Amino acid sequence: MALRVLLTGGGTGGHINPALAIADIIKMNVPDAQIAFVGTEKGLENRLIPKENYKLYHIEIQGIRRSLSLSNVKTAYLVLTSPSKAKKIIKEYKPDIVIGTGGYVCWPLLKAASSMGVPTMVHESNALPGVAVRQLQNKVDVILTNFKATEELLDTDKRIVNVGNPLRKSYSTVDREEARKKLGIDSSKFVILSFGGSLGAPRINEAAVDVMRNFSAKNEDVIHYHSGGSRGYENAMRLFVGYGLEKEPSLVLKDYIYDMPLYMAAADLVICRAGAMTLTEIAMMKKAAILIPSPNVADNHQYKNAKVLADAGAAMLIEENDLTEDSITAAVEQLYSDKEAREKMEDSVSVFCNRDAGKLIYEEMNLLLSINEKIIKND
């Protein structure tokens, strides 16, 4: 009977892409495996999962807002009702294992699976465990981490394994020249790739347009691609058009870059936030980067991620409070002009990626399944 896996992780690309990477790993080792996903009706998973031809179930769940809000009343209601919906999905799909990669939707599904005796695993990509992972730490069978230090922040007797971050195969199979050939970019061009995450970030969008206007448009050998994000694209486009940048063929503004591995492989310089998955992608592809960590995250964990890389000479760090039109343009000009500095960054950042993450995750999945099978036989 074919292996049946239920994956969950939604809201943003930082949760969805690791889940897709795990699906890739499973399919590579078990081609006939049956895989389905669980997400919310409003998350980015509704754009990404169907493109991969996986079935997508929905659960309604949302996070608690820090400020007083009527939305928190609804959240409390969903916390009570969503596990029942999750149980119905599990009974219908009959998974052999349920694996989560973070985000609020993980909580009801993994909680329900655990209560039903289905083997469960959750992967935490950030150094600081998210709310869902902290709530699940004593319920799931195995916790997988990207940062070794994460284990110290968990209070559980459950198995914790440091595996790194799973990346889709495309991040390791395409090189700079091949990517440029596919995108029609001359090898002599200096390519800048900038983005603020799947939803977009207003300050990153503003900074990217500033760079396009003050630097990229003024250098004939520069091509600049920017993803404004699903929520930020319209405002970014208004700025872009307002400066007349749409007339420049070397400047490209998109709402979302679906084939990000291809564009990142082609890039000489990346400007982005400092989410754990993004940093792993940069490390895998050995890219020089300017990191602008989001200040709107729990315990400022993106700054902590970026600081580790910056201290190692693996990236340039600009805090959002210090982000100005002049500071971002000067940083880009510096790295554009200093090829040796970029190459040192590329070498330094490569150590921040565990290239065996996929293999380790697959091994842990098999170990958990074999242990569960023995328990069932003994019962």
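The values are calculated or read from the model by the stated rules, or taken from the named source; none is laboratory data. Since the model is a prediction, treat every value here as computed from it, not as a measurement. Glycine gets a Cβ as well: all are built from the backbone with ideal geometry, and neighbour counts include every protein chain shown. What goes into the accessible areas is simple: the full protein's heavy atoms, side chains included, and nothing from ligands, DNA or RNA. Shrake-Rupley method; radii C 1.70, N 1.55, O 1.52, S 1.80 Å.
log₁₀ I(q)/I(0) of the range 238-280 at q = 0.20, 0.33 Å⁻¹, via Debye over equal Cα point scatterers, no solvent, to two decimals? Calculated log10 I(q)/I(0) at the listed q: -0.84, -1.20. Based on the reciprocal of the average 1/r between different C-alpha atoms, the Kirkwood radius for the range 73-189 equals 16.3 Å. A simple count of charges around Ala312, restricted to other residues whose Cβ falls under 11 Å of its Cβ and scoring Lys, Arg +1 and Asp, Glu -1, yields 0.
Return the subset of Lys189/Lys339; Lys87/Lys139; Lys91/Lys158; Lys27/Lys51; Lys189/Lys218; Lys55/Lys91 for which the Cα-Cα distance in this structure is over 19 Å, preserving the input order. Pairs exceeding 19 Å: Lys91/Lys158.
Amide H to amide H distances under 5 Å link Ile59 with Gly39, Thr40, Glu41, where only residues 5 or more positions off or on other chains count and H is placed in the peptide plane. Residues whose amide H comes within less than 5 Å of that of Gly164, counting only those at least five positions distant or on another chain, are Thr145, Asn146 (H built at 1.01 Å from N in the peptide plane).
Annotation for Lys254 and Thr324: the two label points, set 7 Å from Cα along the Cα-Cβ direction, are 3.3 nm apart.
As a fraction of the 1.4 Å probe accessible area of the range 87-184, surface on carbon and sulfur atoms comes out at 45 percent. Separation of the range 285-325 from the range 197-236 is 17 Å, based on Cα centroids.
In the range 120-253, Rg over Rh equals 1.14, where Rg is the alpha-carbon radius of gyration and Rh the Kirkwood radius from pairwise Cα distances. Under 5 Å from the amide H of Ile35 lie the amide H atoms of Val5, each residue being 5 or more positions distant or on a separate chain, with H modelled from the backbone and absent for Pro and chain starts. Extending 7 Å from Cα along the Cβ direction at Lys158 and again at Glu60 yields two label points whose distance is 2.7 nm.
Once the mean 1/r over all distinct Cα pairs of the chain is inverted, what Kirkwood radius in angstroms do you read off? Each step should come with its number before you reach the end.
Values: mean 1/r = 0.0464 Å⁻¹.
In the chain this quantity evaluates to 21.6 Å.
Working note: 222 nm ellipticity from helices only, DSSP H runs with n ≥ 4, each -39,500 (n - 2.57), summed and divided by the residues of the chain, gives -13500 deg cm²/dmol to the nearest 500. On a per residue basis, the chain carries 47 Å² of accessible surface, using protein heavy atoms and a 1.4 Å probe.
If the convex hull of the alpha-carbon atoms of the range 255-379 is projected onto planes in all directions, what is the mean projected area in square nanometres? Walk me through the numbers on the way to the answer.
Working: hull surface 43.6 nm².
Projected area, direction-averaged: 10.9 nm².
Using the alpha-carbon atoms, what tilt in degrees (0 to 90, nearest 10) does helix 301-311 show relative to the longest principal axis of the chain? Tilt relative to the chain: about 50 degrees. Helix 202-214 and the longest principal axis of the C-alpha atoms of the chain enclose an angle of approximately 30°.
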